[in-house]
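Structure, as structure tokens:
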Amino acid sequence: MSGTRGGLGRIIGLGIALALAVLLLAAREATGAKYSVAQCGWHVGADADWGDTTGGAKFRPDAYCVTPPGADPFDGAHLKSFTRGGAATVSGTRFARWRWVAPPGTGITRVSGTWWHALHDGMEQRIGVGTWGGGFSPFVSAASTDVTPRNFVVGFSSAMPALEDRLLCARAESKWCSLETSSWSAVRALTITIEDNGTPAAGVGGELTVGGWRRGPQSVQFWGSDAGSGVRFGETTLDGARVVLTEYPCAKEMIGGEWRGTRMQPCLTGVSGSGLVPTTSFSDGPHTLGHCATDFAGNVACVAPSTVLIDNTPPAHPRSVSVVGGEGWRRINDFDLNWANPDQGRGSPVGGASWRVLGSAGFDTGVQFAPGRDLTALRKLHMPVSGTYMAQLWLRDEAGNEAPSSAVSVLLRFDDVAPGVAFEAESGPGLPAAIRADVSDAHSGPAAGAILYRRLGTERWIELPTKFEAGDQPGSARLVTHLPGDLAPGTYVFRADAVDGAGNKASSSRRADGTEMAIRKVSPSPEPKKAPAPAAAKARLFAGLRWRQRRGPSVTVPFGATAILSGRLVSAEGAGLAGRRLRVVSRPSRGALARRRVEAAVTGEHGGFRLPLKPGPSRRITVTYRGEAGLERARRPALALRVQGGAVLHAGPRQLQTGDTVRLWGRVRTRGAPVPRRGKLVAVQYYESAARSWRPVLVTRTNHSGRFQARYRFRYISGSARIRLRAVALAEERWPYVPGASRPVTVSVSG
């Protein structure tokens, strides 16, 4: 009788299945995105949990779903619930079950699969859906043994939250089912169709979205979320063209020509990723950025379109570049450049100008940048010392594009050094046939000049007709004039005025040897004839400078050093002249506070002499022997003692990162010299190991006490570098020292 009930139940169950299948076919046009999940077959496992309402005392599970590779994917595959051996009975309504749960916001709309069973004494297999109220509604059931796997397919008019396969004691709770003979239920090859009407969420960010003009490869970050089937794809587009596609990891298999999930929720509910967008593939100008996320069911969500600005084309060369005031020589150290910007079309506006100034002796400012939208001028460029410089100028747009090869060059000519002027040395007794003065200027060159004279004791200078002649060497010229024919007897002083091509003026009333340019015209008078005086013997004077291993007529010494003047006075035959008194005159260079200094030196036993020269500014030194009865006067041409300027440099911090700024401060030592009115010119240099030479970093000026400070940012260093810096007190007009450097300081920069 029980077998009959089981067979009848099976027939009824299959009838219900067929009816539900018809309903499924009628509902195929229902709205909503769907996806399928494969379970226990096709080499796929099961995303289900197993439960026992008896607490594990009466039932046990058994699962074997993934067959070996290459084997029949369904051979022996099963999900089973067994009654436990050794248990006598199980109470009515108690069951074991396999349960599949749809993800949040989704529901099951169709199930197909294979089932079979061995059932005894009131045990049944029921397959059904969990209802939204927490109940269970079977759609197929069996009450008798049928160990032949049979297929079923069922559809639902409304989505259901769960699927269950139960092995049940189908009697009242007060009754029981015998377990003396083992009962079991089995399923496999399940295909669960899930309806997912929820759309995912999407977001996009990164470099490309931060605003402003972008160029080159730009990073984008994107993210998405979906509580149902999970996010499968992310797609980023520019103007509708895909630029980044990301497929996120999902549990899926290709079955029957379609991708099926292998878990109820195949994909991750929260995802993120990044990519590079090659903006060089797009034209300059505005573009529309989009990003969409797609879940496993095919639902799509997109962010609101946004505009990005792209520009990968550097500006053309600046137009009509000119130096304000022209490219001629000037003595004011202040240069301004003007230009016109080219049309940028759909690209980004000009965002500034890069510039570089190159000069002689390796001077190089390095590449500098002046920011400013649509900038058309550079103001107040200053050169370190007099000379000719080349300024290079090119443009950078707001996207950061620039092309140094498009640079336009202009000349900057600066000369604030007055020309040198000196009269020719005394030619001998009597009036000279002509008065000559040499003019020299190393930069803009001599341009004009005149020679004037006045009688000693008067204030009025009288200009003489002067001829301006070009010299034999570049940067030299000569002024030539003649004495007036009606010049009255007396003593006359002469002055030479000169101006160079930059307008610097200079005057001098001295000869090249430092003596005053004066001549005396005596009244003619008869003189009694005298017996010729016996010829005086000639004396020869040798003198030179010395500091350590340096010696000669011109010596350069460090700031604060003591040099030695030494030499020998001998007769024409070479014998030393002992006990003779020599006159030593030191004339400080222009700009020094010290006055002319006169000292005496006395020759020793063999005619030699030695005189320490105290620390001080640069100076010219003449040594003279006045002569005596029987010995002629002797004089040594002027010696040049050049003293290097003194400087002190400090830097901090000593450890920096690329992009950090180092603070530089120090002072110029000013012994015997006032600080120039505009401050002392100081160059900070770095040592370039490859060239073994010092290169300029920046140029600044001190305050009136000789102190300076500046800042420098290290922009282009990668890796680690130890950089040696020094300060150099540069040469300039009315500064009585030659260039001198401080002790180097070292800073470390890491990129």
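Filter the range 302-341 down to residues that are in contact with a strand residue (DSSP E or B) (Cβ under 6 Å, 6 or more places away or on another chain) and free of Cβ contacts under 8 Å to residues at least 40 places away in the same chain and give me whichever is farthest from residue 415 (Cα to Cα). Only one residue tops the list, namely 305.
Filtering the range 211-260 down to residues that are outside any loop (DSSP other than H, G, I, E, B) and of a type in the set (Phe, Trp, Tyr), which residue is farthest from residue 161 (Cα to Cα)?
Checked the range 211-260; the qualifying residue farthest from residue 161 (Cα to Cα) is 213.
Name every residue in the range 294-320 that is under 23 Å from residue 241 (Cα atoms) and part of a loop (DSSP other than H, G, I, E, B), in order of residue number.
Of everything in the range 294-320, those that are under 23 Å from residue 241 (Cα atoms) and part of a loop (DSSP other than H, G, I, E, B) turn out to be 296, 298, 299, 303, 304, 305, 311, 312, 313.
Once the range 486-537 is narrowed to residues that are polar (S, T, N, Q) and modelled with pLDDT of 80 or more, the residue that is farthest from the chain's Cα centre (by Cα) is 491.
Can you name every residue in the range 261-293 that is within 14 Å of residue 240 (Cβ to Cβ) and in a loop (DSSP other than H, G, I, E, B)? If the condition is that a residue be within 14 Å of residue 240 (Cβ to Cβ) and in a loop (DSSP other than H, G, I, E, B), then 282 is the only one that fits.
So, residue 729, is that one within 28 Å of the chain's Cα centre (by Cα), assigned by TED's automatic domain parsing to the domain that holds residue 675, farther than 24 Å from residue 660 by Cα and not acidic (Asp, Glu) or not?
Considered against the rule, which asks whether it is within 28 Å of the chain's Cα centre (by Cα), assigned by TED's automatic domain parsing to the domain that holds residue 675, farther than 24 Å from residue 660 by Cα and not acidic (Asp, Glu), residue 729 comes out as no.
Scanning the range 384-406 for residues that are among the small types (Gly, Ala, Ser) and either in contact with a helix residue (DSSP H, G or I) (Cβ under 6 Å, 6 or more places away or on another chain) or over 27 Å from residue 685 (Cβ atoms) (or both) turns up 387, 399, 400, 403, 405, 406.
When the range 401-446 is filtered for residues that are charged (D, E, K, R), farther than 30 Å from residue 635 by Cβ and in contact with a strand residue (DSSP E or B) (Cβ under 8 Å, 6 or more places away or on another chain), the ones remaining, listed by number, are 402, 413, 415. Applying the set (1) modelled with pLDDT of 90 or more; (2) surrounded by fewer than 14 Cβ atoms within 10 Å (Cβ to Cβ); (3) under 30 Å from residue 727 (Cα atoms) to residue 593 leaves exactly one unmet item: (1).
When the test is whether a residue is in contact with a Leu (Cβ under 9 Å, 6 or more places away or on another chain), in contact (Cβ under 8 Å) with a residue 24 or more places away in the chain and either of a type outside the set (Lys, Arg) or surrounded by fewer than 20 Cβ atoms within 10 Å (Cβ to Cβ) (or both), residue 152 passes it.
Kindly indicate whether any position in the range 668-675 is in a loop (DSSP other than H, G, I, E, B) and hydroxyl-bearing (Ser, Thr, Tyr). So far as the range 668-675 goes, yes, one or more of its residues are in a loop (DSSP other than H, G, I, E, B) and hydroxyl-bearing (Ser, Thr, Tyr).
For (1) assigned to a loop (DSSP other than H, G, I, E, B); (2) at pLDDT 90 or above; (3) in the same structural domain as residue 386 (by TED's automatic domain parsing); (4) more than 21 Å from the chain's Cα centre (by Cα), each residue gets a yes or a no:
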position: 665; (1), (2), (3), (4): no, yes, no, yes
position: 677; (1), (2), (3), (4): yes, no, no, yes
position: 684; (1), (2), (3), (4): no, yes, no, yes
position: 696; (1), (2), (3), (4): no, no, no, no
position: 700; (1), (2), (3), (4): no, yes, no, yes
position: 703; (1), (2), (3), (4): yes, yes, no, yes
position: 716; (1), (2), (3), (4): yes, no, no, no
position: 722; (1), (2), (3), (4): no, yes, no, no
position: 736; (1), (2), (3), (4): yes, yes, no, yes
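Is it the case that residue 436 is part of a strand (DSSP E or B) and either over 28 Å from residue 360 (Cα atoms) or of a type in the set (Ser, Thr, Tyr) (or both)?
yes
Tallying residues that are surrounded by 14 or more Cβ atoms within 10 Å (Cβ to Cβ) and either of a type in the set (Ser, Thr, Tyr) or not in a loop (DSSP other than H, G, I, E, B) (or both) within the range 340-357 yields 9.
Among (1) over 27 Å from the mean Cα position of the chain (by Cα); (2) small (Gly, Ala, Ser); (3) over 30 Å from residue 733 (Cα atoms), there is one condition residue 347 misses while meeting the rest; what is its number? Here residue 347 clears every test but (1).
Could you tell me whether residue 180 is among the acidic types (Asp, Glu), at pLDDT below 95, surrounded by fewer than 16 Cβ atoms within 10 Å (Cβ to Cβ) and under 17 Å from residue 53 (Cα atoms)? Judged against the criteria, residue 180 is not a match.
Of all residues in the range 60-89, those being among the small types (Gly, Ala, Ser) and not in a loop (DSSP other than H, G, I, E, B) number 2. Among the residues of the range 157-176, is there at least one that is part of a loop (DSSP other than H, G, I, E, B), surrounded by fewer than 18 Cβ atoms within 10 Å (Cβ to Cβ) and of a type in the set (Gly, Ala, Ser)? Yes, there is a match, as at least one residue in the range 157-176 is part of a loop (DSSP other than H, G, I, E, B), surrounded by fewer than 18 Cβ atoms within 10 Å (Cβ to Cβ) and of a type in the set (Gly, Ala, Ser).
The values are calculated or read from the model by the stated rules, or taken from the named source; none is laboratory data. All figures in this text were calculated on a predicted structure; none of them were measured in a lab. When we count neighbours, we look across all protein chains shown, and the Cβ atoms used for this are built from the backbone with ideal geometry, even at glycine.
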